[in-house]
Amino acid sequence: MSGTTSSGHGGGTAADPFDEGGTSLLRQPKAVWATAGASVVAFMGIGLVDPILPSIAQGLHATNSQVSLLFTSYFLITAVAMLLTGFVSSRIGGRRTLLLGLAFVVVFAGLAGTSDSVGQLVGFRAGWGLGNALFVSTALAVIVGAANPIGAARSASGEGGGGRRAGSAAAILLYESALGLGMACGPLLGAALGNASWRYPFFGTATLMAVGFLCITAFLKEQPKPARKTSLLDPVKALGHGGLASTAISAFFYNYTFFTVLAFTPFVLNMTPYRSGAVFFAWGVLLAVFSVIVAPRMQARFGSLKVLGGSLVLLAVNVLVLGYGSHTAAVVCTILSGAFIGVNNTVYTELALGVSDAPRPVASAGYNFVRWFAAAAAPYFAPKIEEWSNLHIPFVVAAVTAVLGALVVVVRRSALTHEAAEHQPQHATEDGVTAFAN
């Protein structure tokens, strides 16, 4: 939900360009639930290593900065692979792309558990990142294409594209639910299995993704391919659109902050796997609740860009307290950051999908191509900055990047609002013909 009210005051009387109205997350086909369930496991893989980072460092005799490369290699390959996802899915179809991505994750997650050195583990995480990119980007497209809208009857009786837009909103919220649940459960799985051995969480993920592979095979039918095949450069060309480029740049700064919290904070907390897993589980619960329940209500009342800008500023304050406060304050702020991250994730996702005139899979790929580079950079630079300075400075940098993300939203506010409203009808039509279903 990406615009603001036309008056710019964010009152409840003017419509947000992406205000979809009431939708249902429950009345969905088996194909949607199978894809969403596999998405939960895919997102579990992101936070899986959080509670066991110190254990991995100890088990493989590695430094904090070396272990942080588990995130860097994962997200660097994910970022580059975003240029491949549309190219692949537009040729072999969404279902086969999902299965290919899942197969990569199963193989490389399993191999990660057999690693004898941090170099091997980093390499296997890179292969895991390739599989995750193929799966995650295509999963959103498949869910949007297959989701049932509430209001379809109204649409059939002549109320325009409301039902189709409602289907899109329900699908995005379902996807964000999978993201939040996966991010919450990943640290728990990592803690539960990692308490016995740091290798077990990787084997557990491989097993769960194999189950997801079987569910996709059983329940998801192949969906229509787009009339035009996507080239490797289409996502880059899409970034020539000012609104999408602004969204991606703002999200780049935000993701640096996000992954400083996710990848660097476990070293700061320095807790046992169980305690660290509990902290990040609570963090993930807040992320899920605020992305699915709170964010849409805040957007409807205040306008999406106001919500996004305010949430980024509050996140900046939060990470400063996290970096300079006591250990108890660090725990509380780590958990609380999940609320701001949940709000931001929802707004950024909907803004990226609707602000430009590019087909949604192409726009999503271009947006993710930019933002995942920050997810790769933060886990590498945060420990390095600590080595060069002290424990506090990485969080100062993270606070600055969150504020920079908010400044981009403020400076580009007019373009983001009007362009989002302008392209809403076009994307509603796309939803109706499942052009976003790859």
**OP:** Please give the FRET efficiency for residue 211 paired with residue 237, using the beta carbon to beta carbon distance and R0 = 35 Å, rounded to the nearest 0.05.
**Re:** 0.40
Original post:
When ligands, DNA and RNA are left out and all protein chains stay put, how many square angstrom of accessible area per residue does region 271-342 have with a 1.4 Å probe?
Top reply: 39 Å²
Subject >> region 208-317: trypsin sites (Lys or Arg not before Pro) in DSSP loop, at most 13 other beta carbons within 10 Å >> reply: 221, 228, 229
Subject >> Packing-based order for 192-199, 133-140, using average beta carbon neighbours within 10 Å, highest first >> reply: 133-140, 192-199
**OP:** Give, in nm to one decimal, the length gained when the segment between residue 228 and residue 294 is fully stretched (0.36 nm per residue of separation minus the Cα-Cα distance).
**Re:** 20.0 nm
**OP:** Output the relative contact order of region 183-305, whole-number percent, from Cα pairs under 8 angstrom with separation of 6+ residues.
**Re:** 56 percent
**OP:** Starting from the exponent 0.38 and prefactor 2.2 Å, build the expected Rg for region 241-348 from its residue count and divide its actual Cα Rg by it.
**Re:** 1.10
Original post:
Contour minus end-to-end for residue 326 and residue 410, with contour as 0.36 nm per residue of separation and end-to-end as the Cα-Cα distance?
Top reply: 27.0 nm
Subject >> Contour excess over end-to-end distance, with Cα ends at residue 219 and residue 114 and 0.36 nm allotted per residue >> reply: 34.6 nm
**OP:** Check cross-link reach from residue 30 to the lysines: straight Cα distance under 29 Å, and skip same-chain residues fewer than eight apart.
**Re:** 221, 225, 229
Subject >> Counted charge near residue 249, where neighbours are those whose Cβ lies closer than 10 Å (Asp, Glu -1; Lys, Arg +1) >> reply: +2
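The values are calculated or read from the model by the stated rules, or taken from the named source; none is laboratory data. Nothing here was measured: the structure is a model prediction, and the numbers come from that model. Methodologically, a virtual Cβ is constructed for each residue, glycine included, from the backbone with ideal geometry; neighbour enumeration extends over all protein chains shown. Areas reflect the complete protein model, heavy atoms only, side chains present, ligands, DNA and RNA absent. Shrake-Rupley method; radii C 1.70, N 1.55, O 1.52, S 1.80 Å.
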